[in-house]
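Scroll down for the structure; my scribbles are underneath it.
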Amino acid sequence: MHRPVLLVIAHGSRDPRHAATVHALVERVRSQRPGLRVETGFLDFNVPSVHGVLESLAAQGVRDVVALPLLLTRAFHAKADIPALLREAPARLRIRQADVLGPSPLLLSALERRLYEAGLTPADKSSTGVVLASAGSSDPEAIAVIADIAREWWHTGWCAVRPAFASASLPRTEDAVAELRALGCERVAVAPYVLAPGFLPDRIARGAAGADALADVLGPAPEVARVVLERYAEAAESLPVAVGA
């Protein structure tokens, strides 16, 4: 019996930090699951492309693949772009598209990890307002999910949590920072709900200029790697059992 290959599908960026962070996360996934074959493909800007990886896997005789969108919400890429790419894959491949990473309690843990690395402590929670800053989307479902995550996170003890968006939606990070100041939170922190550096995360960082703390992107946090493996396992269970080559 062979375990399906995990193909991590990343967005891609002209910013070299993006691909470097994706590769660091994939290495973290490999370290958590030795023996699992993990490949990386990019939708744009970086190589290898998703199509190129799928062609290569088919040429090597691979049969089963779990394609995992390295995305935090189900928006256009997860609903349209990636399924279209997978439909064009070589016919010999049996591909199951895994769910996106979010929402997940593990991602909330990763967000808190990044805030503590930025200088906060658990004792600061009740007096700190947090801006949950995501890239943004024109998809109402994705926006609603971010608002739900903010509400859930607030219930863990923060003074307040407000969602913000770097594009397509409002409020912007700087406006959410100002709102938390007006609420009377002693300090304000910005937690980027993004996986890797790039243009929109840089916009979030600029919007955080008035905050007391800015966390790093989620990147290769161990909790993120665990979510990747959870989504892989869920999708792999629905593939037919492969015996032999």
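The values are calculated or read from the model by the stated rules, or taken from the named source; none is laboratory data. Quick caveat, the model's predicted, so the values are computed rather than measured. All Cβ positions, even for glycine, are placed from backbone atoms using ideal geometry, and neighbour counts span all protein chains on display. Please note that ligands, DNA and RNA were not included when accessible areas were found on the heavy atoms of the full protein model with its side chains. Shrake-Rupley method; radii C 1.70, N 1.55, O 1.52, S 1.80 Å.
Miscellaneous remarks
- Under the condition of being aliphatic (A, V, I, L, M) and assigned to a loop (DSSP other than H, G, I, E, B), the residues counted in segment 20-51 number 3.
- Total residues in segment 36-55 satisfying the condition of being in contact (Cβ under 8 Å) with a residue 12 or more places away in the chain and open to solvent by 30 Å² or more (accessible area, probe 1.4 Å): the figure is 8.
- If you go through segment 56-89 and pick out every residue that is more than 30 Å from Asp148 (Cα to Cα) and loosely packed, with under 15 Cβ neighbours inside 10 Å, you end up with 6.
- Some residue of segment 223-233 being touching a helix residue (DSSP H, G or I) at 6+ places or on another chain (Cβ under 9 Å), assigned to a loop (DSSP other than H, G, I, E, B), under 17 Å from Thr73 (Cα atoms) and β-branched (Val, Ile, Thr): no
- Yes/no for Ala196 being surrounded by 14 or more Cβ atoms within 10 Å (Cβ to Cβ) and either part of a loop (DSSP other than H, G, I, E, B) or in contact with a Ser or Thr (Cβ under 6 Å, 6 or more places away or on another chain) (or both): yes
- Of all residues in segment 90-102 being within 20 Å of the chain's Cα centre (by Cα) and more than 14 Å from Ala142 (Cβ to Cβ), the one that is most open to solvent (accessible area, probe 1.4 Å): Arg96
- Restricted to segment 1-29, and to residues there that are surrounded by 15 or more Cβ atoms within 10 Å (Cβ to Cβ) and basic (Lys, Arg), the residue that is nearest to Ala98 (Cα to Cα) is Arg3.
- Boolean, Gln60 is among the polar types (S, T, N, Q) and touching a residue at least 60 places away in the same chain (Cβ under 8 Å): no
- Qualifying position, being at pLDDT 95 or above, open to solvent by less than 10 Å² (accessible area, probe 1.4 Å), under 20 Å from the mean Cα position of the chain (by Cα) and over 23 Å from Glu179 (Cβ atoms), among Ala233, Ala225: Ala225
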